[in-house]
Structure formats: C-alpha cells, structure tokens
Amino acid sequence: MTTRTRAIRLLEEAGCAPNVIEHCKEVASLAVEIAAKAKAAGNNVNPELVEIGALLHDVGRCRTHGISHAVEGFKLAQSRGVEPEVAEIIKRHIGAGVSREEAKELGLPEDDYFPRSLEEKIVAHADNLVKGTKRITINERLELMSKRNISEHVVQRVKKLAEEVERLSR
C-alpha cells in the first residue's frame, strides 16, 4: 500500500499547491476518524486505504480545478503506480458521485463516478465536510451547494450519502 509519506510526496511532485495539500491532509484526518467509527460499529473497512485515498483524492488539482480533476487525478495515480483501489477513490470522490449521463453533460469521459465501496463513500463524504482546511457540517455543505445553484437532485444525493455514512459510523 502506498504510504502516507509517499502520498504526500506524490502530491508535491505532481505540483499541487500547498493549500490543496493541506486540504487533502485535513480530509484524510476526518476520513480516518469516520473509518475508525465505521470499523468500531462492525463494518468491514480498510482505514489505511481510506487515509491514502483521502490524501490523494485531489491530486488532479495539479492539472485543473474543474470537475475533471477527478479524472485527471485517476490518470495520474494510474501512471504513478498507485493501487487501483486508491485510483478508484480519486475517480469517484466528486460530491456524492456523477452518473454516466451527467458525466457526458459535464464533458467527462462517459462513465459511472458513483462511490461504491465503503472506503470510496467515506472519502467522498469527508471531502464534502471540509472546505479548504476547515471542517463544516453537512448542513453548511448543502447550503453552499444551494447557493451555488447546484441542482436539487445533486444536493439530495450528497445528503443521502452523508446519512448513509453517518448511519454506518454509529
């Protein structure tokens, strides 16, 4: 498994800005907390995979800050020999996922970007709860999305993911 040190080095070598790296570290910190709670609740979760996936979730921001940063990060991770499970976390971390149809509309390669594994879901959820390096509530995230005119079905998808991860972490 990619180590924490190697993941941070990869972010730096890829050219990620310091604020992006700090964001990734905070998302990883929160994601590991959530994973520990999910594991304590009896769920089969890999905290190490969660940490590395969270550290690298925004590696694609070295190339773009648009929604395609997930695809760019996925490609970058693959080219650097990062484990496929980590690359999938990077690809599927946007909001609470993107459907094949939405991907086409957004100019992404036509694919399903919904988080499937518990590790993917935890990282996507933790990312939704970190704005910059500050932790926010799910209600604050939903409010920010509404203010940005994100469609209601996408807002509800983020809320549903939050409810699922929170339920599994009790």
Check the stretch 14-33 and report whether any residue there is at positive phi and either among the basic types (K, R) or more than 12 Å from the chain's Cα centre (by Cα) (or both).
yes
Could you tell me whether S146 is of a type in the set (G, A, S), open to solvent by 20 Å² or more (accessible area, probe 1.4 Å) and under 25 Å from T3 (Cβ atoms)?
no
Restricting attention to the stretch 42-65, report how many residues are of a type in the set (G, A, S) and either over 14 Å from K91 (Cα atoms) or modelled with pLDDT under 95 (or both).
1
Please specify each residue of the stretch 88-136 satisfying the condition of being open to solvent by 20 Å² or more (accessible area, probe 1.4 Å), within 24 Å of K39 (Cα to Cα), part of a loop (DSSP other than H, G, I, E, B) and not hydrophobic (A, V, I, L, M, F, W, C).
R116, S117
Leading residue by the ranking (surrounded by the most Cβ atoms within 10 Å (Cβ to Cβ)) among those in the stretch 13-24 that are out of contact with any helix residue (DSSP H, G or I) (no Cβ under 7 Å at 6 or more places or on another chain) and assigned to a helix (DSSP H, G or I):
H23
Looking at the structure I just gave you, is G66 in a loop (DSSP other than H, G, I, E, B), open to solvent by less than 40 Å² (accessible area, probe 1.4 Å) and within 21 Å of V158 (Cβ to Cβ)?
yes
For the stretch 149-162, what are the residues that are open to solvent by 100 Å² or more (accessible area, probe 1.4 Å) and either touching a helix residue (DSSP H, G or I) at 6+ places or on another chain (Cβ under 9 Å) or in a helix (DSSP H, G or I) (or both)?
E152, H153, K160
Tell me, please, whether a residue that is under 21 Å from K25 (Cβ atoms), among the aliphatic types (A, V, I, L, M) and touching a residue at least 40 places away in the same chain (Cβ under 8 Å) can be found in the stretch 90-105.
no
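The values are calculated or read from the model by the stated rules, or taken from the named source; none is laboratory data. On a predicted model such as this, the values are computed, not experimentally measured, just so you know. Here Cβ is always computed from backbone atoms with ideal geometry, including for glycine, and neighbour counts include all displayed protein chains. Side chains are part of the model used for accessible areas, which takes the heavy atoms of the whole protein and leaves out ligands, DNA and RNA. Shrake-Rupley method; radii C 1.70, N 1.55, O 1.52, S 1.80 Å.
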